[in-house]
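Asker: Questions regarding the structure given below will be posed in turn.
Read-outs: derived from the displayed coordinates by stated rules, not from any lab. Keep in mind that what you see is a predicted model, and the values were worked out from it rather than measured. When we count neighbours, we look across all protein chains shown, and the Cβ atoms used for this are built from the backbone with ideal geometry, even at glycine.
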Amino acid sequence: MTHKKRDPHWKKDFSVDWDQTSYVTRREFTRFLGLSSGALAVGSTLLAVGGSLKKPVTSHPEQELAAVDSIKPRGFLAFRYPAKDDHALLLRHEDGSFSAFSQKCPHLGCHVFYAEHSGKLECPCHEGFFDAKSGDVLAGPPQRGLDRIQLEIRDGKIYAVGVGEA
């Protein structure tokens with residue numbers, strides 16, 4: 001009687017043909033992890049550097065807003081600049097100076113308004129408050145100030161001439 005050699009029972013459960021399988025050594029796997037981690041670090045660094053570079057300055061059309069005398073101290077004028085769907089506010093301060101800002105809150109894009117009683121710009125959505133002269137954040141969730149509209153005064157008239165970031 002011939003005794004036939006039988007495979008162990010576990011080979012049925014783990015039926016891998018080890019002779020046909022290509023092995024990956026620990027060294028190769030570690031090298032792969034190191035190279036892919038290095039590539040991710042380089043890519044993240046390039047994205048961070050690229051995002052922190054200043055954006056190119058785009059030219060905006062000059063737009064006449066109002067006569068200087070038509071806006072009283074602590075008064076304001078709502079207008080659209082640089083495009084028809086970009087809302088903005090022109091403010092005249094107690095000292096007679098002017099400032100203008102985008103009405104779009106940098107937090108979630110709600111429209112800010114000028115609160116004459118407090119002399120501040122307010123965002124009603126999440127109680128964000130901005131300085132009326134500088135556009136800087138005073139309180140609330142916004143992390144940066146309002147985008148500033150650059151102004152020029154010539155021949156008794158106020159002109160919007162560009163947009164700058166906060």
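Asker: Output ³J(HN,Hα) for the stretch 96-104: one whole-Hz value per residue in order, computed from phi by the Karplus curve 6.51 cos²θ - 1.76 cosθ + 1.60 with θ = phi - 60°, and x for Gly and Pro.
Answerer: Calculated HN-Hα couplings, in order: x, 6, 10, 8, 9, 9, 5, 7, 8 Hz.
Asker: Projecting each Cα onto the charge dipole of the chain (Lys/Arg +1, Asp/Glu -1 at the beta carbon, about the Cα centre), which of GLY96, ILE149, ALA41 comes out farthest on the positive side?
Answerer: Working it through, the farthest residue towards the positive pole turns out to be ALA41.
Asker: List LEU151, LEU65, LEU40 from most exposed to least, where exposure is judged by having the fewest other Cβ atoms within 10 Å. Write down the numbers at each step before the final one.
Answerer: Values: LEU151 16, LEU65 21, LEU40 10.
So the ranking, lowest neighbour count to highest, is LEU40, LEU151, LEU65.
Asker: Counting only pairs 8 or more places apart or on different chains, how many lysine pairs in the chain have C-alpha atoms closer than 27 Å?
Answerer: The number of close lysine pairs in the chain is 22.
Asker: So what's the Cα pair-distance distribution over the stretch 53-166, bin width 5 Å, in %?
Answerer: Taking all Cα pairs of the stretch 53-166, the binned fractions are 2, 12, 24, 24, 20, 12, 5, 1, 0 percent.
Asker: Right, next: Which whole-number percent is the relative contact order of the stretch 63-164 (Cα, under 8 Å, 6+ apart)?
Answerer: Rounded, it is 25 percent for the stretch 63-164.
Asker: Ok, one more. Antiparallel versus total DSSP beta bridges in the chain: what percent is that, nearest 5? Please report the intermediate quantities before stating the final value.
Answerer: On the way: 33 of 33 bridges.
Restricted to the chain, the bridges split so that about 100 percent are antiparallel.
Asker: What GluC sites (Glu not before Pro) does the stretch 110-166 have in DSSP loop regions with at most 15 other beta carbons within 10 Å?
Answerer: Working: sites: GLU116, GLU122, GLU127, GLU152, GLU165; in loops: GLU116, GLU127, GLU165.
Those satisfying the criteria are GLU116, GLU127, GLU165.
Asker: What is the set of long-range amide H partners of LYS120 at a cut-off below 5 Å, with H atoms built 1.01 Å from backbone N?
Answerer: For LYS120, whose amide H was placed from the backbone, the distant partners under 5 Å are ALA115.
Asker: Only Lys, Arg, Asp and Glu count, each charged at its Cβ (+1, +1, -1, -1), so figure out the dipole size of the chain about its Cα centre, rounded to 20 debye.
Answerer: With only Lys, Arg, Asp and Glu charged at Cβ, the dipole is about 1180 debye.
Asker: Further, regarding this structure: Sort out for me the Cα centre separation of the stretch 95-166 from the stretch 31-45, rounded to whole Å.
Answerer: Distance between centres, Cα-based: 43 Å.
Asker: Which residue, chosen from GLY119, TYR81, PHE129, occupies the Cα position most advanced towards the positive end of the dipole of the stretch 42-136, where the dipole is computed from +1 (Lys, Arg) and -1 (Asp, Glu) charges on Cβ about the Cα centre?
Answerer: TYR81
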